[in-house]
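The values are calculated or read from the model by the stated rules, or taken from the named source; none is laboratory data. What you see is a predicted model, and the numbers here were worked out from it, not measured in a lab. FYI the Cβ positions are ideal-geometry reconstructions off the backbone, even for glycines, and counts take in every protein chain you see.
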Amino acid sequence: MDSPVVKSVAKTITILESLARDGEAGVTELASKAGMHKSTAYRFLTTLRDLGYVRQDPDSERYAATLALFELGSAILSRTEIWEHAHPVMEKLAQETHETVHLAVLQDDRLVYLHKIESTHSLRVSMRSRIGQSAPLHCTGVGKVLLAFSGPDVSRRIAERHGLPQFTNTTITDLCRLEDELEEIRRRGFAVDNEERELGVRCVAVPLRHGNTGQLAAISISAPSARLADHDITRLAELLRRATEEI
């Protein structure tokens with residue numbers, strides 16, 4: 001039996017998610033998004049402000065989320081077992097390759113970045129990825145790995161729910177092509193993002209099944225396309241495989 005949804009809690013979360021995603025907003029806009037009367041939204045926002053989770057600009061009277069949410073997320077992340085075990089290994093991998101290293105998981109049919117270590121090169125990729133943020137599954141290296149090793153019908157369900165939007169001219173937007181790609185990833189054990197999400201960025205990713213929890217994750221190395229040639233892919237995939245064994 002499903003648990004009853006407490007509407008006030010759901011509406012509070014809607015307000016916080018909207019502020020976290022979109023930045024500043026007025027009480028009327030937030031009331032509309034949360035499906036409540038403006039006076040009710042004002043009471044919610046006043047409480048959140050008093051608790052330190054939102055702030056109000058004294059001039060514009062618009063609201064914005066504070067870093068209190070970030071502090072909560074950071075505290076949870078630091079106690080996440082897979083992050084604890086992966087962090088030192090990812091640091092060594094970043095030092096060895098001097099490229100950007102990512103760790104991601106699949107949560108509620110969404111890719112979520114758990115960790116990112118930036119490249120030390122002066123010429124490095126300027127990626128949209130941020131810890132705690134989401135990204136499309138069908139056009140990122142970690143995303144395709146998570147789809148490939150998450151079991152049957154996951155890719156179809158996610159495609160039906162979110163679609164397969166095109167970001168570059170190499171993005172896979174056809175479900176049959178994507179499923180063929182996922183089968184190839186399972187066969188060879190790694191995925192390649194060939195400028196499918198961002199122009200000028202290539203990525204190699206492998207699956208990571210955390211031994212203690214059984215949680216499926218993906219770890220990747222990203223680099224400018226000019227520095228990640230075809231002949232580098234197998235070498236980086238092997239480095240990543242060794243890293244997952246150590247984790």
Any chance residue 192 is in contact (Cβ under 8 Å) with a residue 60 or more places away in the chain, in the same structural domain as residue 89 (by TED's automatic domain parsing) and either surrounded by 13 or more Cβ atoms within 10 Å (Cβ to Cβ) or in contact with a His (Cβ under 7 Å, 6 or more places away or on another chain) (or both): no
Checked against (1) surrounded by fewer than 24 Cβ atoms within 10 Å (Cβ to Cβ); (2) closer than 23 Å to residue 107 by Cβ, residue 205 satisfies every condition except (1)
Within region 208-236, residues being surrounded by 13 or more Cβ atoms within 10 Å (Cβ to Cβ), of a type in the set (S, T, N, Q) and at pLDDT below 90 number 1
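Among helices (runs of 4 or more DSSP H) lying entirely in region 31-104, which contain 1 or more residues that are touching a strand residue (DSSP E or B) at 6+ places or on another chain (Cβ under 7 Å) and at pLDDT 85 or above? Talk me through it step by step, then tell me what you get.
Details: elements: 38-50, 68-78, 81-97.
Here the list reads 38-50, 81-97.
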Over region 160-175, the set of residues closer than 30 Å to residue 69 by Cα and in contact with a helix residue (DSSP H, G or I) (Cβ under 9 Å, 6 or more places away or on another chain) is none
- Message: Take residue 179 and tell me if it is among the charged types (D, E, K, R), touching a residue at least 12 places away in the same chain (Cβ under 8 Å) and on the phi > 0 side of the Ramachandran plot.
- Response: no
When region 205-247 is checked residue by residue, the ones that are aliphatic (A, V, I, L, M) and in a strand (DSSP E or B) are 205, 206, 208, 216, 217, 218, 219, 221, 223
Expected single match for assigned to a loop (DSSP other than H, G, I, E, B) and either in the same structural domain as residue 239 (by TED's automatic domain parsing) or over 19 Å from residue 203 (Cβ atoms) (or both) among 130, 156 is 130
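Are any of the residues in region 38-57 under 18 Å from residue 133 (Cα atoms) and touching an Asp or Glu at 6+ places or on another chain (Cβ under 8 Å)? Step through it out loud before you land on a result.
Restricting attention to region 38-57, the residues satisfying the condition of being under 18 Å from residue 133 (Cα atoms) are none.
So far as region 38-57 goes, no, none of its residues is under 18 Å from residue 133 (Cα atoms) and touching an Asp or Glu at 6+ places or on another chain (Cβ under 8 Å).
Yes/no matrix, rows are residues, columns are (1) more than 20 Å from residue 209 (Cβ to Cβ); (2) in contact with an Asp or Glu (Cβ under 9 Å, 6 or more places away or on another chain):
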site: 131; (1), (2): yes, no
site: 139; (1), (2): yes, yes
site: 142; (1), (2): no, yes
site: 146; (1), (2): no, no
site: 160; (1), (2): yes, no
site: 164; (1), (2): yes, yes
site: 171; (1), (2): yes, yes
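Might you let me know whether region 27-36 holds any residue that is under 20 Å from residue 133 (Cα atoms) and not hydrophobic (A, V, I, L, M, F, W, C)? Steps first, answer last, please.
Of all residues in region 27-36, those under 20 Å from residue 133 (Cα atoms) come to none.
Taking every residue of region 27-36 in turn, none turns out to be under 20 Å from residue 133 (Cα atoms) and not hydrophobic (A, V, I, L, M, F, W, C).
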Those residues of region 11-27 which are assigned to a helix (DSSP H, G or I) and either outside the structural domain of residue 65 (by TED's automatic domain parsing) or in contact (Cβ under 8 Å) with a residue 12 or more places away in the chain (or both) amount to 11, 12, 14, 15, 16, 18, 19, 20, 27
Within region 124-157, restricting to residues that are in contact with a helix residue (DSSP H, G or I) (Cβ under 9 Å, 6 or more places away or on another chain) and of a type in the set (D, E, K, R), the one that is modelled with the highest pLDDT is 144
